[in-house]
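Undergrad: First the structure, which I've put down as structure tokens, then a few questions once you've had a look.
The values are calculated or read from the model by the stated rules, or taken from the named source; none is laboratory data. Note that this is a predicted model, so its numbers are computed, not measured. No Cβ is skipped: glycine too gets one built from the backbone with ideal geometry, and neighbour counts run over all protein chains shown. Just the protein is used for accessible areas: all its heavy atoms, side chains included, with ligands, DNA and RNA removed. Shrake-Rupley method; radii C 1.70, N 1.55, O 1.52, S 1.80 Å.
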Amino acid sequence: NNLLQFNTALVFTTPNFKLNIGVQPSWNNDTYSMQPDISIEAKLKNTQLMMEAGWVGYFNKNSYRSLVAYNPWIGGLTQIDNTGIKEQYVGLKGISGNHLSYHARVSFLKLQNQPLFLNDAIDGRYFITSFEPDVEAVKIHGELTYSVQEMFSLMGAITATQYNILSSNSQPWGLVPFQVSGTALWKPLKDLQVNAAIFYNEGCLYKTNYRNDFPRSGRLASAVDLNVGGSFSVRKNLNLWLQMNNLFNNMYQRWNQYPVFGFNVMAGVVYSFK
């Protein structure tokens, strides 16, 4: 599964304006394509607000490693290909004061060979990876970050994706359509760091037809998860860490038939010989 790309562009930049006009000659498994790379950023007068727009094309390199990182329960692959993405977007980004930054974007996407995941037909415990030839989608993404130097940071993000047209599969099996997440980092002492992460996922669609049953489909339940952890530097080369996961003890399923662990605690020691 080979991928070769070249980035070529002309860039014009001023303090309040940036224009990028380029193309990306690409060879995806010996298939040649010319991907667009056009973007513009313009700062509104007397503000810290930046408008952006673009038309870009790129590939996500797929491998067994990357697919297992997304879905640990996939079976063997009968085919593998890279995911081609063409994106047209408009957005806003900027800063407010010394601590607050924000970014919002609306994207219109065309995807080729997007991996989808269906329960297999033997016992339903493994997932078949189906590379959907063509997908059209609309994606809305927003981020808000508050930070105070390196002592404290708080970030929230929201992503909503509407998959409108699929050419082979009837639904975007295994893809999360809506997610809200938040992370926090606090350093009350020089050697002490505390972090937390919370997210809400709308359940993905699943399909299964194992054990000679008729094909069944549905949507997994939505889930909220909260994780808290920290680390402490005892010495220059000795660190202690603690991680508490799923504080709400929600037994939800990210993948059909595989409930996550309930509340769990892990701790450890890291010693560096450098």
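Undergrad: Going down the table (K61/K93; K43/K93; K18/K61; K86/K207), which pairs top 18 Å between alpha carbons?
TA: K61/K93; K18/K61; K86/K207, as the Cα separations exceed 18 Å there.
Undergrad: Which whole-angstrom value gives the distance between the alpha carbon centres of the stretch 113-130 and the stretch 46-86?
TA: Each part reduced to its Cα centre gives a spacing of 19 Å.
Undergrad: Could you report the chain's accessible area per residue, 1.4 Å probe, as an integer in Å²?
TA: With the other protein chains kept in place, the chain gives 61 Å² per residue.
Undergrad: List every residue whose amide H lies under 5 Å from the amide H of W173, counting only residues 5 or more places away in sequence or on a different chain, with H placed 1.01 Å from N in the peptide plane.
TA: Under 5 Å from the amide H of W173: F117.
Undergrad: Let me ask something additional. At a threshold of 8 angstrom on Cα-Cα distance, excluding pairs fewer than six apart, so keeping six or more, what relative contact order does the stretch 65-161 reach in percent?
TA: So the answer I get is 25 percent.
Undergrad: Continuing with this model, one more query. Looking at the square roots a ≥ b ≥ c of the eigenvalues of the Cα gyration tensor of the stretch 168-274, which shape do they give, rounded for a/c under 1.5, prolate if a/b is larger than b/c, or oblate?
TA: prolate
Undergrad: I've got another one for you. When the accessible area of the stretch 146-205 is split by element with a 1.4 Å probe, what percent falls to carbon and sulfur? Before the final figure, lay out the partial values.
TA: Working: 2090 of 3480 Å².
Taking all protein chains in place, the stretch 146-205 shows 60 percent carbon and sulfur surface.
Undergrad: Run the accessible area of the stretch 26-77 with a 1.4 Å probe and give the carbon-and-sulfur part as a rounded percent.
TA: Here carbon and sulfur together make up 60 percent of the probe-accessible area.
Undergrad: In debye, nearest 20: dipole of the stretch 75-171 around its Cα centre with unit charges on the Cβ of K, R (+) and D, E (-)?
TA: 300 debye
Undergrad: Something else about it: With the dipole of the chain worked out from charges on the C-beta (+1 for Lys and Arg, -1 for Asp and Glu) around the Cα centre, which of V135, G94, L77 lies farthest toward the positive end?
TA: G94
Undergrad: Rank by packing, highest mean first: peptides 115-122, 74-81, with packing defined as the count of other Cβ atoms within 10 Å averaged across residues. Don't skip to the answer; put the middle values down first.
TA: On the way: 115-122: 19.8, 74-81: 13.2.
For the peptides 115-122, 74-81, the packing ranking is 115-122, 74-81.
Undergrad: Find, among the GluC sites (Glu not before Pro) in the stretch 65-159, those assigned to loop by DSSP (not H, G, I, E, B) with at most 16 other beta-carbon atoms within 10 angstrom. Each step should come with its number before you reach the end.
TA: Numbers: sites: E87, E136, E143, E150; in loops: E150.
Those satisfying the criteria are E150.
Undergrad: For a quick protection proxy, order the peptides 159-168, 125-134 by their average other-Cβ count within 10 Å, most packed first.
TA: Most protected by this proxy first, the peptides run 125-134, 159-168.
Undergrad: Take the alpha carbon gyration tensor of the stretch 92-206, find the square roots of its eigenvalues, order them as a ≥ b ≥ c, and report rounded if a/c is under 1.5; if not, report prolate when a/b exceeds b/c, else oblate. Write out the running numbers ahead of the final one.
TA: On the way: a/c = 3.92, a/b = 1.84, b/c = 2.12.
It is oblate, given that a/c is not under 1.5 and a/b is not larger than b/c.
Undergrad: Residue by residue, what Karplus-based ³J(HN,Hα) values in Hz, rounded to whole numbers, does the stretch 235-242 have, using 6.51, -1.76 and 1.60 with θ = phi - 60° and x for Gly and Pro?
TA: Listing the rounded values in order: 9, 4, 10, 9, 10, 10, 9, 9 Hz.
Undergrad: Okay, next question. Please identify the trypsin sites (Lys or Arg not before Pro) of the stretch 14-68 that satisfy two criteria: DSSP loop assignment and at most 14 other Cβ atoms within 10 Å. Which are they?
TA: On the way: sites: K18, K43, K45, K61, R65; in loops: K45, K61.
The qualifying sites are K45, K61.
Undergrad: Let me ask something else. Could you size up the charge dipole of the chain around its Cα centre, putting +1 on the beta carbon of Lys and Arg and -1 on that of Asp and Glu, and report it in debye to the nearest 20?
TA: 660 debye
Undergrad: If you place +1 on the Cβ of every Lys and Arg, -1 on the Cβ of every Asp and Glu, and leave all else neutral, what size is the dipole of the stretch 150-274 about its Cα centre, to the nearest 20 Debye?
TA: 280 debye
Undergrad: Further question on the same structure: Please work out whether the chain counts as rounded, prolate or oblate from its C-alpha gyration tensor, where a ≥ b ≥ c are the square roots of the eigenvalues and a/c under 1.5 means rounded, while otherwise a/b larger than b/c means prolate and anything else oblate? Don't skip to the end; give the middle numbers.
TA: On the way: a/c = 1.72, a/b = 1.04, b/c = 1.65.
Oblate shape, in that a/c is at least 1.5 and b/c is the bigger or equal ratio.
Undergrad: Explain nothing, just compute: Karplus ³J(HN,Hα) = 6.51 cos²θ - 1.76 cosθ + 1.60, θ = phi - 60°, for every residue of the stretch 140-156 in order, whole Hz, x for Gly and Pro.
TA: 10, 9, x, 9, 9, 10, 10, 9, 10, 6, 9, 8, 8, 8, 9, 9, x
Undergrad: Follow-up question, since we're still on this one. Could you give the distance between the Cα centres of the stretch 254-274 and the stretch 143-208, to the whole Å?
TA: Cα centroid to Cα centroid, the span is 18 Å.
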